[in-house]
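*Asks:* My questions will all concern the structure given below.
The values are calculated or read from the model by the stated rules, or taken from the named source; none is laboratory data. This one's a predicted model, so the numbers in the text were calculated from it and none came from an experiment. Cβ placement follows ideal geometry from the backbone for every residue including glycine, while neighbour counts extend to all protein chains displayed.
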Amino acid sequence: MFIVCKYQKVLPRNIILKMKSTVLFLLLAVYTITGHLNGDDEIELSSYRTRPFGDWTLRLYTNEHPRIGLTDFKDADRSARTVIIIHGWQQRENQSWIIQMKDVYITQFRINVIVLDWSKDANSGWYLWTVGVVPEVGLWVGDRIYELQTDGVIHVNTLKVIGHSLGAHVAGYAGQRYQNLTNGEKLSDIVGLDAASPEFEFKSDDQRLDASDARMVQAFHTSTSGMSSRYGKVDVYFNYHVLFGGCGKSQPGCPTQPGVPIDSLFGTLFCEHVRSIAYYIESIQSRKFLAVPCTCSNFKANKCKNISSIIVGENLSPTAEDGEYYLTTTYKAPFALEAQDLQESLD
C-alpha cells in the first residue's frame with residue numbers, strides 16, 4: 001500500500017528548520033557509527049589532561065580598555081563585577097554578537113568582560129568531535145576562575161558566566177570544576193543561551209549544564225537545536241509554534257530576522273538558535289522581558305493570564321523561584337512585549 005501525502009504549501013522557514021534538524025541528525029549518526037557513544041570519552045572532574053596553554057585564551061575588556069582584549073589581568077577593575085562570555089560551535093571570540101554583547105555591557109555598567117576563545121577546537125568541521133572537547137574546556141575555565149578568585153582579580157559572588165549552545169555546557173563544566181576545587185562553593189550565576197541539544201539532551205546532570213552548577217542557572221529555550229528539557233533553575237521558553245509542536249522551538253521572524261549580526265551561513269540556518277543571544281543582549285538594556293510561570297500546554301491554550309510575571313534575562317532576580325517561565329516576543333528587534341496577556345500562537 002502506498003500513502004501519498006500532498007502538501008499545499010511549505011513555508012521557507014519550514015524548509016530551513018528541516019535542513020537544520022537533518023544536518024544535526026546526520027552528524028549524530030556519523031558520531032554513532034564511528035563508535036564514540038560508548039562513554040569512553042568521559043572526563044572526571046578530579047583529573048583531566050592539561051592541554052598546552054594557548055590553545056584556549058581568556059581576553060579581558062574593561063571600561064578603560066573596551067576595544068583591545070588584554071591577556072594580562074593586572075588592569076582588571078577589582079571592585080567591579082565580572083561577566084565571562086563563551087561562544088559555541090563554529091564560532092570564535094570576535095563574532096559580531098560577542099562584540100555587541102561586550103559593548104552593551106561596558107556601556108551600561110562598571111564591569112570586567114572576559115571573553116573565552118576556544119575556536120581552535122570549536123571550529124572543527126565535526127560537531128560531535130568538538131562535543132568531546134567541551135568537558136576539558138570547561139574544566140580549564142573552572143581552573144582559571146579559581147585562580148582569578150584566589151588572586152583577588154574577580155569575585156565569584158558577582159560573577160556571571162554566559163554560554164551559547166556548546167558554550168553553555170562549557171559553563172556548566174566550569175561551575176562543576178569550581179565546586180570541586182572549593183569543597184562545594186558555587187559560582188553565583190550561569191546563563192545558558194539555548195544550550196546545545198545533540199549529545200547532551202539525555203546526558204546525566206554532571207555531563208552537561210544543570211541547575212546545580214551555580215546558585216542561579218537561567219536557561220533560555222529558543223530552538224530545536226537547543227535542549228527542550230529543563231536544565232536551569234529558571235527555564236525560559238520563548239514563543240509557541242503550532243506547526244513545530246511546542247514552546248521554545250521556533251521564533252517569529254526567522255530566518256530573516258535573527259536579531260544579531262550574522263557572520264556566516266551557519267547563523268542564517270540556525271536563526272532560532274542565535275535568537276537566544278539577541279534576546280539576552282536586549283535584556284541587558286531592558287527590563288521588559290516579562291515571563292510568567294506556567295506550562296507549555298496552558299501557554300498554548302492562552303491560560304497564563306493574570307499570573308504574576310518576573311523579569312528574565314540580565315535583570316533576573318537572584319531569588320526567582322525555581323520553575324518554567326513562558327513569554328511571547330515580537331518578530332524583530334526590539335523583541336520584548338512587556339505585557340504578557342497578549343499571548344498568541346505563531347502560525
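*Asks:* Quick one: residue 226 ticks every box in (1) crowded, with 23+ Cβ neighbours inside 10 Å; (2) in contact (Cβ under 8 Å) with a residue 60 or more places away in the chain; (3) within 22 Å of residue 337 (Cα to Cα); (4) not charged (D, E, K, R) bar one, so which box is it?
*Replies:* Going through the list (1) crowded, with 23+ Cβ neighbours inside 10 Å; (2) in contact (Cβ under 8 Å) with a residue 60 or more places away in the chain; (3) within 22 Å of residue 337 (Cα to Cα); (4) not charged (D, E, K, R), residue 226 breaks only (3).
*Asks:* Failed condition for residue 292, given (1) over 15 Å from the mean Cα position of the chain (by Cα); (2) under 16 Å from residue 165 (Cα atoms), with all others met?
*Replies:* Answer for residue 292: the failing condition is (2).
*Asks:* State whether one or more residues within region 122-134 are at pLDDT 95 or above, buried (at least 21 other Cβ atoms within 10 Å of the Cβ) and not β-branched (Val, Ile, Thr).
*Replies:* No, there is no match, as no residue in region 122-134 is at pLDDT 95 or above, buried (at least 21 other Cβ atoms within 10 Å of the Cβ) and not β-branched (Val, Ile, Thr).
*Asks:* A further question follows. Please work out which residue is nearest to residue 312 (Cα to Cα), limiting yourself to region 186-223 and to residues that are crowded, with 23+ Cβ neighbours inside 10 Å and polar (S, T, N, Q).
*Replies:* Looking at the filtered set, the residue picked out is 218.
*Asks:* Something else now. Do the conditions hold for residue 317, that is, is it in a loop (DSSP other than H, G, I, E, B), small (Gly, Ala, Ser) and surrounded by fewer than 23 Cβ atoms within 10 Å (Cβ to Cβ)?
*Replies:* Yes: the conditions hold for residue 317.
*Asks:* Restricting to region 163-222, and then to whatever is touching a helix residue (DSSP H, G or I) at 6+ places or on another chain (Cβ under 9 Å) and of a type in the set (Ser, Thr, Tyr), can you tell me which residue is farthest from residue 144 (Cα to Cα)?
*Replies:* Filtering first and then ranking leaves 222.
*Asks:* Another question, if that's okay. Looking at (1) in contact (Cβ under 8 Å) with a residue 60 or more places away in the chain; (2) β-branched (Val, Ile, Thr); (3) out of contact with any His (no Cβ under 7 Å at 6 or more places or on another chain), which one does residue 217 not meet, given that it meets all the others?
*Replies:* Among (1) in contact (Cβ under 8 Å) with a residue 60 or more places away in the chain; (2) β-branched (Val, Ile, Thr); (3) out of contact with any His (no Cβ under 7 Å at 6 or more places or on another chain), the lone unmet condition for residue 217 is (1).
*Asks:* Please go through region 168-185 and give me each residue that is closer than 24 Å to residue 72 by Cβ and either in contact with a Lys or Arg (Cβ under 8 Å, 6 or more places away or on another chain) or buried (at least 24 other Cβ atoms within 10 Å of the Cβ) (or both), ordered by number.
*Replies:* 170, 171, 174, 177, 178
*Asks:* Go through (1) in contact (Cβ under 8 Å) with a residue 60 or more places away in the chain; (2) closer than 22 Å to residue 85 by Cβ; (3) not in a loop (DSSP other than H, G, I, E, B) one by one and return the number of the condition residue 283 breaks.
*Replies:* (1)
*Asks:* Related question: When only residues in region 84-112 that are within 23 Å of residue 188 (Cα to Cα) and in contact with a Phe, Trp or Tyr (Cβ under 6 Å, 6 or more places away or on another chain) count, which is surrounded by the most Cβ atoms within 10 Å (Cβ to Cβ)?
*Replies:* If we take residues in region 84-112 being within 23 Å of residue 188 (Cα to Cα) and in contact with a Phe, Trp or Tyr (Cβ under 6 Å, 6 or more places away or on another chain), then 102 is surrounded by the most Cβ atoms within 10 Å (Cβ to Cβ).
*Asks:* Now for a separate question. Inspect all residues belonging to region 116-123 and state whether any of them is of a type in the set (A, V, I, L, M, F, W, C), in contact with a Lys or Arg (Cβ under 6 Å, 6 or more places away or on another chain) and under 19 Å from residue 144 (Cβ atoms).
*Replies:* Scanning region 116-123, I find no residue that is of a type in the set (A, V, I, L, M, F, W, C), in contact with a Lys or Arg (Cβ under 6 Å, 6 or more places away or on another chain) and under 19 Å from residue 144 (Cβ atoms), so the answer is no.
*Asks:* Further question: Quick check on my filter: what residues within region 287-303 are touching a residue at least 24 places away in the same chain (Cβ under 8 Å), surrounded by fewer than 22 Cβ atoms within 10 Å (Cβ to Cβ) and either touching a Ser or Thr at 6+ places or on another chain (Cβ under 7 Å) or in a loop (DSSP other than H, G, I, E, B) (or both)?
*Replies:* 287, 288, 290, 292, 295, 300, 302, listed by residue number.
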